[in-house]
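Accompanying notes for the structure given below.
The values are calculated or read from the model by the stated rules, or taken from the named source; none is laboratory data. Please read all numbers here as calculations on a predicted model, not as lab measurements. Positions of Cβ are generated from backbone atoms using ideal geometry, with glycine treated the same way; all protein chains shown enter the neighbour counts.
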């Protein structure tokens with residue numbers, strides 16, 4: 001028996017007056033399980049435990065959560081990566097978003113900021129008969145941008161987003177914003193930039209790179225934000 | 001677009017640029033001051049007074065004061081809008097900070113040209 005001590009954030013607004021931490025003992029049988037496997041074992045011990053999950057392989061982005069203080073996807077985070085020296089695992093919901101129940105958060109404000117950057121191709125020229133073509137070089141510029149799965153690990157690790165979630169777009173939204181600014185087929189660059197030059201939308205980023213540290217897909221929102229600043233500078237000086 | 005009327009340059013881009021340019025000016029001024037003090041270990045009042053009597057030093061100092069004023073306002077405005085959520089208190093603190101920066105700036109000019 002190799003027991004893992006797990007402490008999980010619990011909150012059911014219908015029955016609990018305040019959130020609390022519940023302790024569980026999980027038998028890992030010495031295996032290096034993923035955190036999601038541990039949650040599944042806990043769910044068998046206490047079926048009232050609520051969390052989101054779907055693909056269990058780091059593609060859907062449903063099970064973003066805070067594991068021993070660091071955001072990540074439970075399904076692709078092995079115990080050996082997060083469990084501390086005392087052999088303890090602490091699971092909390094993504095920070096800064098309203099808790100719906102236990103590890104489930106309300107992602108409304110996160111999606112609202114994503115919607116704000118108009119995450120779709122805009123082109124005012126007449127559409128060609130088949131499709132808008134792009135050179136391999138131009139296509140390459142989208143690498144490291146399009147892979148985002150919107151798990152919200154980055155934005156909820158960002159203090160600028162915690163303090164001003166309704167004004168600062170956040171790393172996830174800005175990465176996608178740059179994905180369309182960098183797209184050779186998009187012609188709305190000027191309008192997109194005009195919406196971003198205020199002191200909050202982009203410039204509340206202080207470059208602390210928490211987003212880069214936690215991104216489960218290894219993306220770099222800080223670099224994208226720097227590129228947006230360069231575009232704004234090039235347009236305005 | 002998020003509307004703002006109390007930040008320094010009305011635009012996040014100009015605030016960002018001014019913050020960086022003023023930081024460079026302040027760094028140069030600091031390096032100069034530290035260097036000057038190191039090269040004048042037995043500094044007396046007439047030498048110090050003579051330094052600030054020169055026009056280039058007054059221009060350099062005034063530039064540094066203006067940079068400090070802009071830098072302080074942009075930085076503190078950011079801190080204030082991060083942490084103080086009630087509008088009344090936030091605006092009051094902004095006015096106090098703005099007033100303090102103005103007083104220090106005028107005082108600095110007076111010191112520069114008063115000697």
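In this structure, does residue A:58 turn out to be touching a residue at least 24 places away in the same chain (Cβ under 8 Å) and in contact with a helix residue (DSSP H, G or I) (Cβ under 9 Å, 6 or more places away or on another chain)?
Yes, satisfied.
For the range A:1-71, which fully contained strands (runs of 3 or more DSSP E) count at least 2 residues that are loosely packed, with under 13 Cβ neighbours inside 10 Å and in contact with a strand residue (DSSP E or B) (Cβ under 8 Å, 6 or more places away or on another chain)?
Strands (runs of 3 or more DSSP E) meeting the threshold: A:20-27.
If we scan the range B:62-84, do we find a residue that is over 12 Å from the mean Cα position of the chain (by Cα), more than 14 Å from every other protein chain (Cβ to nearest Cβ) and more than 30 Å from residue A:231 (Cα to Cα)?
If we filter the range B:62-84 for residues that are over 12 Å from the mean Cα position of the chain (by Cα), which is where we start, we get B:77-84.
Then drop every residue that is not more than 14 Å from every other protein chain (Cβ to nearest Cβ), which leaves none.
No, there is no match, as no residue in the range B:62-84 is over 12 Å from the mean Cα position of the chain (by Cα), more than 14 Å from every other protein chain (Cβ to nearest Cβ) and more than 30 Å from residue A:231 (Cα to Cα).
So how many residues does the range A:165-196 have that are surrounded by 22 or more Cβ atoms within 10 Å (Cβ to Cβ) and over 16 Å from residue A:222 (Cα atoms)?
Adding up the residues that qualify gives 1.
So which residues in the range B:64-89 are touching a helix residue (DSSP H, G or I) at 6+ places or on another chain (Cβ under 6 Å) and without any contact (Cβ under 8 Å) to a residue 40 or more places away in the chain?
B:64, B:69, B:72, B:76, B:80, B:82, B:84
Can you tell me which residue is modelled with the highest pLDDT among those in the range A:72-85 that are buried (at least 19 other Cβ atoms within 10 Å of the Cβ) and assigned to a loop (DSSP other than H, G, I, E, B)?
A:77
Looking at the range A:86-99 only, could you name the residues that are surrounded by fewer than 17 Cβ atoms within 10 Å (Cβ to Cβ) and at pLDDT 95 or above?
Within the range A:86-99, A:95, A:98 meet the criteria.
Which residues, counting only those in the range B:6-46, are within 14 Å of chain A (Cβ to nearest Cβ), assigned to a loop (DSSP other than H, G, I, E, B) and either at pLDDT 95 or above or farther than 23 Å from residue A:228 by Cα (or both)?
Scanning the range B:6-46 gives a single hit, B:6.
Residue under question is residue A:138, and the condition is that it be more than 25 Å from residue A:70 (Cα to Cα) and in a loop (DSSP other than H, G, I, E, B); does it hold?
No, not satisfied.
Among the residues of the range A:123-157, which ones are surrounded by 18 or more Cβ atoms within 10 Å (Cβ to Cβ), on the phi < 0 side of the Ramachandran plot and touching a residue at least 60 places away in the same chain (Cβ under 8 Å)?
Hits for the range A:123-157 are A:145, A:148, A:149, A:151, A:153, A:154, A:156, A:157.
Pull out all pairs, ordered by first then second residue, where Cβ-Cβ is under 6 Å, the residues are six or more apart or on different chains, the first lies in the range A:190-210 and is facing another protein chain (nearest Cβ under 7 Å), and the second is in a loop (DSSP other than H, G, I, E, B) and buried (at least 22 other Cβ atoms within 10 Å of the Cβ).
Close Cβ pairs (under 6 Å, with a partner that is in a loop (DSSP other than H, G, I, E, B) and buried (at least 22 other Cβ atoms within 10 Å of the Cβ)) amount to A:200/A:168; A:201/A:169; A:202/A:196.
What number of residues within the range A:147-176 are closer than 19 Å to residue A:67 by Cα, within 14 Å of another protein chain (Cβ to nearest Cβ) and touching a helix residue (DSSP H, G or I) at 6+ places or on another chain (Cβ under 7 Å)?
Number of matching residues: 1.
Take the residues of the range A:211-228 that are within 13 Å of chain B (Cβ to nearest Cβ) and touching a helix residue (DSSP H, G or I) at 6+ places or on another chain (Cβ under 7 Å): which is farthest from residue A:121 (Cα to Cα)?
Applying the first criterion (within 13 Å of chain B (Cβ to nearest Cβ)) to the range A:211-228 yields A:225-226, A:228.
Add one more test, that the residue is touching a helix residue (DSSP H, G or I) at 6+ places or on another chain (Cβ under 7 Å), and what stays is A:225, A:228.
Working: A:225: 19, A:228: 17 Å.
Selected residue: A:225.
Tell me which residues, restricted to the range B:90-114, are without any contact (Cβ under 8 Å) to a residue 24 or more places away in the chain and either within 14 Å of another protein chain (Cβ to nearest Cβ) or not in a helix (DSSP H, G or I) (or both).
Residue satisfying the conditions is B:90 alone.
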